[in-house]
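Trainee: After the structure tokens below, expect a handful of questions from me.
The values are calculated or read from the model by the stated rules, or taken from the named source; none is laboratory data. Just so it is clear, the model here is predicted, and its values are computed rather than measured. A quick note on method: Cβ atoms are made from the backbone with ideal geometry, for glycine too, and the neighbour counts reach across all protein chains shown.
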Amino acid sequence: MDVVTLSRIQFAMNISFHYLFPPLSIGLGLILVIMEGAYLKTKNPIYEQMTRFWVKIFAVIFAVGVATGLVQIFAFGTNWATFSRFVGDIFGSILGAEGIFAFFLESGFLGILLFGWNRVSPKMHFFSTIMVSLGAHFSGVWIVIANSWMQTPAGYEIVGEGASRHAVIANFWEVLMNPSAMIRLGHVIVGCWLAGAFLVLSVSAFYLLKKRHLDFATKSFKIGMIVASISVALQLYTADASGRAVAREQPIKLAAFEGVYKTETPTGMWALGIVEPEKKKVIGIPIPGLLSFLVYRDFTQAVPGLDQFPPELWPNVKVVFQTYHGMIMMWGLMLLAAIMGLIAWKRKKILESKWTLRFLVISILFPEIGNQLGWFSAEMGRQPWVVYGLLKTKDAVSASICRGQVIFSLSLFIIIYILLFCMFIYLMDKKIRHGPQEEELGEYRDPYKLGEQNG
């Protein structure tokens with residue numbers, strides 16, 4: 001493999017490992033706000049216990065997410081120097097805003113969230129929880145905007161020639177509101193809510209199966225199920241909007257997603273299939289006219305196929321077809337899990353529904369895999385462009401690195417990530433098996449009130 005391919009593999013591994021954690025922290029942040037808000041409203045100490053427990057889980061996820069996220073910044077300079085030079089003016093502004101408006105907000109209030117239980121008032125602690133959750137969401141906002149600009153560049157000018165050629169901001173608002181930004185943002189954020197909700201459902205189902213911490217597990221299960229059910233429905237809407245945007249802005253990518261080699265009227269969608277790139281066809285189970293309807297709301301219009309575009313601009317159809325349909329399959333499994341959980345809950349037989357609980361225990365895998373496959377589809381579907389229509393991937397790699405250097409660093413990353421992931425699983429398993437602490441039940445202790453009483 002050449003330097004470009006090895007660098008792509010290394011960056012894909014780095015970003016994929018990192019992206020295991022931000023969706024969990026964003027989704028769990030929302031659920032923490034709901035749980036602590038329920039405690040302030042009802043004064044039921046079980047909600048305080050729930051919040052305290054899930055804050056500890058959040059802290060572990062946040063710490064590993066930050067550590068793995070830092071690697072991405074260095075990767076731009078080591079393996080992708082030409083790309084960094086080309087987008088530096090634009091990405092510098094966006095990622096700088098992410099640091100100021102998101103990371104500082106989240107990390108600034110994180111200390112109060114973790115250690116302020118008995119040091120600040122309940123309302124101040126709740127405010128800190130909201131700020132941490134908002135910071136996590138804002139971080140996702142800026143990162144998605146930056147990535148969306150790579151998909152659908154806008155508000156820029158190209159200056160310089162040759163090696164000095166790069167993009168500069170012509171209209172900052174157009175950069176932020178590039179054609180795919182808000183649509184993709186909704187799709188990504190809802191995916192994060194699903195990850196957080198199914199994490200809560202998975203752990204709650206585990207406790208219900210073991211008949212441990214039943215009051216805690218029952219109320220956590222209810223909140224997780226509500227968030228999961230709403231998010232599954234919302235994801236269908238955002239997926240539809242995102243798909244239509246891809247059809248409008250990146251028709252080659254959509255054709256690859258659905259294996260549309262030949263433009264036909266109407267254009268079907270594959271429920272299941274295997275791509276045979278040599279023969280330029282898909283073997284599987286089609287749903288006639290469905291893609292035409294989803295894109296145009298009309299069964300009679302043809303969706304442009306790959307035959308309308310030069311082959312050198314095609315992505316790897318065989319791979320993106322499978323990742324795209326794998327993502328849809330994960331959504332189907334999440335929908336099934338939500339339906340099974342709701343039925344058992346409505347019938348008040350959740351403790352007796354062993355198979356439902358077992359299915360929900362493993363359900364945390366569905367949004368995590370779905371989020372990964374979604375990003376693989378989006379990024380590989382954009383190829384051969386790293387900045388769509390402006391800079392090709394083969395031209396974006398650093399000129400000074402060699403094949404041996406990338407292999408060596410890739411090997412080190414694999415070892416480090418295996419060790420880090422094992423540590424993460426060990427810590428999560430230890431905290432989940434230990435469960436919520438009974439001594440965490442009780443009212444907040446406001447230090448100012450305590451001072452008045454002692455005085």
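Trainee: Restricted to the stretch 244-284, and to residues that are under 18 Å from residue 319 (Cα atoms) and small (Gly, Ala, Ser), which residue is nearest to the chain's Cα centre (by Cα)?
Mentor: Among those that are under 18 Å from residue 319 (Cα atoms) and small (Gly, Ala, Ser), it is 256.
Trainee: Okay, moving on. As an exercise: evaluate residue 5 against (1) free of Cβ contacts under 8 Å to residues at least 24 places away in the same chain; (2) under 19 Å from the mean Cα position of the chain (by Cα) and give the number of the one condition it does not meet.
Mentor: So the condition that residue 5 fails would be (2).
Trainee: If you don't mind, another one. Every residue in the stretch 368-392 that is among the polar types (S, T, N, Q) and at pLDDT below 95, please.
Mentor: Once the filter is applied, which keeps residues that are among the polar types (S, T, N, Q) and at pLDDT below 95, the stretch 368-392 yields only 383.
Trainee: Can you tell me which residues in the stretch 35-54 are in contact with a Phe, Trp or Tyr (Cβ under 9 Å, 6 or more places away or on another chain) and crowded, with 17+ Cβ neighbours inside 10 Å?
Mentor: Result: 35, 36, 38, 39, 46, 47, 48, 49, 50, 51, 52, 53.
Trainee: What residue, of 94, 100, 73, is β-branched (Val, Ile, Thr) and touching a helix residue (DSSP H, G or I) at 6+ places or on another chain (Cβ under 6 Å)?
Mentor: Within the list 94, 100, 73, the selection yields 94.
Trainee: Could you list, in sequence order, the residues of the stretch 78-107 that are touching a residue at least 24 places away in the same chain (Cβ under 8 Å), of a type in the set (Gly, Ala, Ser) and surrounded by fewer than 18 Cβ atoms within 10 Å (Cβ to Cβ)?
Mentor: 81, 88, 93, 97, 107
Trainee: Let me ask something additional. Kindly provide the set of residues from the stretch 139-184 that are assigned to a helix (DSSP H, G or I) and touching a strand residue (DSSP E or B) at 6+ places or on another chain (Cβ under 7 Å), ordered by number.
Mentor: Within the stretch 139-184, 150, 175 qualify.
Trainee: Which of (1) crowded, with 20+ Cβ neighbours inside 10 Å; (2) part of a helix (DSSP H, G or I); (3) of a type in the set (A, V, I, L, M, F, W, C) is the odd one out, the single condition residue 339 does not satisfy?
Mentor: Going through the list (1) crowded, with 20+ Cβ neighbours inside 10 Å; (2) part of a helix (DSSP H, G or I); (3) of a type in the set (A, V, I, L, M, F, W, C), residue 339 breaks only (1).
Trainee: Now a separate question. β-branched (Val, Ile, Thr), in a helix (DSSP H, G or I) and within 21 Å of residue 323 (Cβ to Cβ) - does that describe any residue in the stretch 390-397?
Mentor: Yes, the stretch 390-397 contains a residue that is β-branched (Val, Ile, Thr), in a helix (DSSP H, G or I) and within 21 Å of residue 323 (Cβ to Cβ).
Trainee: Taking the condition assigned to a helix (DSSP H, G or I) and modelled with pLDDT under 95, does residue 401 pass?
Mentor: Here the answer is no, as residue 401 does not meet what is asked.
Trainee: Which numbered condition trips up residue 136, out of (1) touching a residue at least 12 places away in the same chain (Cβ under 8 Å); (2) out of contact with any helix residue (DSSP H, G or I) (no Cβ under 6 Å at 6 or more places or on another chain); (3) among the aliphatic types (A, V, I, L, M)?
Mentor: Tallying (1) touching a residue at least 12 places away in the same chain (Cβ under 8 Å); (2) out of contact with any helix residue (DSSP H, G or I) (no Cβ under 6 Å at 6 or more places or on another chain); (3) among the aliphatic types (A, V, I, L, M), residue 136 fails exactly one: (2).
Trainee: Select, from 68, 82, the only residue that is within 26 Å of residue 32 (Cβ to Cβ), among the hydroxyl-bearing types (Ser, Thr, Tyr) and part of a helix (DSSP H, G or I).
Mentor: Going through 68, 82 in turn, just one is within 26 Å of residue 32 (Cβ to Cβ), among the hydroxyl-bearing types (Ser, Thr, Tyr) and part of a helix (DSSP H, G or I): 68.
Trainee: Another question, then. Can you tell me which residue is nearest to the chain's Cα centre (by Cα) among those in the stretch 196-213 that are under 19 Å from residue 36 (Cα atoms) and assigned to a helix (DSSP H, G or I)?
Mentor: So, considering only residues that are under 19 Å from residue 36 (Cα atoms) and assigned to a helix (DSSP H, G or I), the one nearest to the chain's Cα centre (by Cα) is 196.
Trainee: A follow-up question, please. Are there any pairs, at least 6 apart or on different chains, whose C-beta atoms fall under 7 Å, with the first in the stretch 44-63 and among the basic types (Lys, Arg) and the second in a helix (DSSP H, G or I), and if so, which?
Mentor: 52/440; 56/431
Trainee: Pairs, please: C-beta under 6 Å, at least 6 apart or cross-chain, first residue within 15 Å of residue 107 (Cβ to Cβ) and in the stretch 13-29, second in a helix (DSSP H, G or I) and of a type in the set (Phe, Trp, Tyr)?
Mentor: Matching pairs, first to second residue: 25/62.
Trainee: Here is a list of conditions, (1) part of a helix (DSSP H, G or I); (2) at pLDDT below 95, and residue 333 meets all of them except one; can you say which number that is?
Mentor: Failed condition: (2).
Trainee: Also, I was wondering about something else. So which pairs qualify, if the first residue must be in the stretch 276-293 and within 16 Å of residue 264 (Cα to Cα), the second must be of a type in the set (Asp, Glu) and at pLDDT 90 or above, the Cβ gap must be under 6 Å, and the two must be at least 6 apart or on different chains?
Mentor: Listed pairs, sorted by first residue: 291/258.
Trainee: Quick check: is even one residue across the stretch 108-121 within 20 Å of the chain's Cα centre (by Cα) and assigned to a helix (DSSP H, G or I)?
Mentor: No, the stretch 108-121 contains no residue that is within 20 Å of the chain's Cα centre (by Cα) and assigned to a helix (DSSP H, G or I).
Trainee: Quick check on residue 383: is it polar (S, T, N, Q), buried (at least 17 other Cβ atoms within 10 Å of the Cβ) and not in a helix (DSSP H, G or I)?
Mentor: yes
Trainee: I need every pair where a residue in the stretch 388-402 that is touching a residue at least 60 places away in the same chain (Cβ under 8 Å) has its Cβ under 6 Å from the Cβ of a residue that is outside any loop (DSSP other than H, G, I, E, B) and among the hydroxyl-bearing types (Ser, Thr, Tyr), sequence separation at least 6 or different chains.
Mentor: Cβ pairs passing all conditions: 396/82; 397/7.
Trainee: Follow-up. Go through 121, 133 for me and flag whichever is surrounded by fewer than 17 Cβ atoms within 10 Å (Cβ to Cβ) and more than 23 Å from residue 388 (Cα to Cα).
Mentor: 121
Trainee: Could you say which residue among 49, 10 is among the polar types (S, T, N, Q), in a helix (DSSP H, G or I) and over 30 Å from residue 412 (Cβ atoms)?
Mentor: 49
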